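This report concerns only the one structure given below.
The values are calculated or read from the model by the stated rules, or taken from the named source; none is laboratory data. None of the values given here were measured: they were computed from a predicted structure. Note that each Cβ is placed from the backbone with ideal geometry, even for glycine, and that neighbours are counted across all protein chains shown.
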Amino acid sequence: MVKIIKTPYDNKNILFLSIILKSVIIIFSFIGFIITIIDAIHDSSGLIFTYFTIISNFFILVSTFIFLISDIGRYFNRLINVRRIFFLIRFCSLIAITITGCLFDFVLAPVGGMDLLASLDSVCFHVIVPFFSIIDFLVCNITYKIRWKDVFLSLVYPILYLIMIMILSYNGVRWDDGTTFAPYPFLDYNASTWFSKGEYLGVFYWIIILIIVFFLVASFYKLFQYLVNKKHLHIFR
């Protein structure tokens, strides 16, 4: 049974803000993907599309576009229902880009310097799209209630991604000009092994950490939504 939040989801101010935010997300997603596709053609490699951030941004783009159509329809008093599966896809991909965005903005960029911000597609995928997606979801998600079921279902997404990468890797696919066994160092079981506890933590432990972080971020979104509805803190009500 679909649980709908009891809020004034026909509020024109919220819908207008939602349309603006979603339009920004879609525009910068398109810019990022156009640059990414051009780079993939130039390098004659599609492996860039196996990166977690790229896949997550793609799902954000698709689901945001669907919800944008719904919001536009509701703004003009035409009810367009969106299936809950698209909300779940948006929720999972939002968690993913929240994690990768925070990691990039607060860890990699400060350590790696401004060079990481020199690429427009990287800025789109790691900074702009995550920021506006988070704001849009926290402020304008006034239709679907996040259930604990959704929190646990969201863990399927990183698990499926890991399975995909391992299938590709064990079938001979190599990244970084053929030098690594996974798109990310912490998943490279050839370099750090599965269960190493020495200088480099094993891949198995990194997977557990990733799943725990995913669960915590999903729980944060659920808690935030609960507090907003509990205290009736509806912006622009």
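For the reader, a short list of remarks on this structure follows.
- Once segment 124-140 is narrowed to residues that are among the hydrophobic types (A, V, I, L, M, F, W, C) and without any contact (Cβ under 8 Å) to a residue 40 or more places away in the chain, the residue that is farthest from Ile35 (Cα to Cα) is Phe131.
- Annotation note: Cβ proximity below 6 Å between a residue of segment 192-221 that is under 18 Å from Ala182 (Cβ atoms) and a residue that is part of a helix (DSSP H, G or I) and among the aromatic types (Phe, Trp, Tyr) (sequence gap 6+ or interchain) occurs for Trp194/Phe204; Phe195/Phe204; Val203/Tyr189; Trp206/Phe186.
- Single residue of Ile167, Ile146, Ile89 found to be under 19 Å from the mean Cα position of the chain (by Cα) and surrounded by fewer than 20 Cβ atoms within 10 Å (Cβ to Cβ): Ile89
- Restricting attention to segment 24-46, the residues that are in contact with a Cys (Cβ under 6 Å, 6 or more places away or on another chain) and either closer than 15 Å to Ser56 by Cα or surrounded by fewer than 13 Cβ atoms within 10 Å (Cβ to Cβ) (or both) add up to 2.
Per-residue answers, yes or no, for (1) at pLDDT below 95; (2) among the hydroxyl-bearing types (Ser, Thr, Tyr):
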| position | (1), (2) |
| --- | --- |
| Ile159 | no, no |
| Asp177 | yes, no |
| Tyr184 | yes, yes |
| Ala191 | yes, no |
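- Scanning segment 78-118 for residues that are modelled with pLDDT under 85 and either among the small types (Gly, Ala, Ser) or in contact with a strand residue (DSSP E or B) (Cβ under 9 Å, 6 or more places away or on another chain) (or both) turns up Val82, Ala109, Gly112, Gly113, Ala118.
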